[in-house]
2 protein chains.
Amino acid sequence: MNEILEQTLAALADPNRRRVIELLCDQPYTAGELAREIGLSPAALSRHLRVLKSIGMIAEVPLYSDARLRAYALRPQPMADLKTWVTNNEERWTRQMETLARRATSGS
Amino acid sequence: MNEILEQTLAALADPNRRRVIELLCDQPYTAGELAREIGLSPAALSRHLRVLKSIGMIAEVPLYSDARLRAYALRPQPMADLKTWVTNNEERWTRQMETLARRATSGS
DNA sequence: ATAATATTTAATTATATAGTTAATTATTGC
DNA sequence: GCAATAATTAACTATATAATTAAATATTAT
């Protein structure tokens, strides 16, 4: 499933979606609150939520007080998977540097 | 400089550029080798290199054997910055969970 | 000098994405 | 039932991105 990693990267490349994620890091928000907070039309925000939902970065949380409100909460898995990929990448690069250093000191 | 983070995410959202990065994790490659390895036209690959260069993810390495060849090597800083951002995000989310758990056990 | 090689750039085309406004769906409260 | 509210979806527009082919630049080797 490298597809999810790709979609996670694409999702996070948008500043408004990053804003959504950062807000949801602190607490769940309704769609309307997010739209107001970020300064987007409800329609525009809804489309961003759809993207984030489709890759499992957020999930709806039922709000029993008023079923018109739809709250969203962060799902940490995609971000965790991204972290794993970035970390592996870094480790691989570090190994490369070590190999080059070893070659340099011990002569070709 | 949140701009670089954004451009890093956008750069990595493309599978061919991710492939370039993963190859360069192991060793430097010339533009031609990358094009062959990835299966892209030299022109298409060159444009990807331009993107990666513009955000400092790769740098040209002089090849004294033949100045027609341009080798590229990975610069780890943008990936490291991305890792920092992802890690901070995860920590913030973890704190949120702890807060919610504390509220749940100690009663509102 | 010139043919061949390695790469980049320019011009163009096709596709994807983000935003807008208007319409739609679902729910609340009178 | 019906107006008001919350959110999503549809249709459309504008912009960005990726690929292709052709042309340009720089370097090597004959």
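FYI, it's all coordinate maths here, none of it is from the lab. The model shown is predicted, which means the values in this text are computed figures rather than measured ones. All Cβ positions, even for glycine, are placed from backbone atoms using ideal geometry, and neighbour counts span all protein chains on display.
Residue-wise test of (1) within 15 Å of DNA strand C (Cβ to nearest atom); (2) among the hydrophobic types (A, V, I, L, M, F, W, C); (3) over 30 Å from A:R75 (Cα atoms).
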| site | (1), (2), (3) |
| --- | --- |
| B:L23 | yes, yes, yes |
| B:S41 | yes, no, yes |
| B:S65 | yes, no, yes |
| B:R70 | yes, no, yes |
| B:W85 | no, yes, no |
| B:N89 | no, no, no |
| B:T94 | no, no, no |
| B:T99 | no, no, no |
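Please go through the stretch A:42-72 and pick out each residue that is away from DNA strand D (no atom under 13 Å from the Cβ) and surrounded by 13 or more Cβ atoms within 10 Å (Cβ to Cβ). Working first, answer last.
Here is the first cut: in the stretch A:42-72, the ones away from DNA strand D (no atom under 13 Å from the Cβ) are A:55-57, A:64.
Scanning the stretch A:42-72 gives A:I55, A:G56, A:M57.
Filter the stretch A:76-91 for residues that are touching a residue at least 24 places away in the same chain (Cβ under 8 Å) and within 7 Å of chain B (Cβ to nearest Cβ); which is surrounded by the fewest Cβ atoms within 10 Å (Cβ to Cβ)?
Of the residues in the stretch A:76-91, the ones touching a residue at least 24 places away in the same chain (Cβ under 8 Å) are A:78-79, A:81-82, A:85.
Narrowing further to those that are within 7 Å of chain B (Cβ to nearest Cβ): A:79, A:82.
Details: A:M79: 21, A:L82: 25.
The qualifying residue surrounded by the fewest Cβ atoms within 10 Å (Cβ to Cβ) is A:M79.
Does B:E3 qualify as being more than 20 Å from A:N88 (Cβ to Cβ) and either at the interface with chain A (Cβ under 8 Å from one of its Cβ atoms) or near DNA strand C (Cβ under 10 Å from one of its atoms) (or both)?
So B:E3 does not fit the description; no.
Please give the number of the condition B:L82 fails out of (1) of a type outside the set (G, A, S); (2) closer than 17 Å to A:R18 by Cβ; (3) within 16 Å of DNA strand D (Cβ to nearest atom).
(3)
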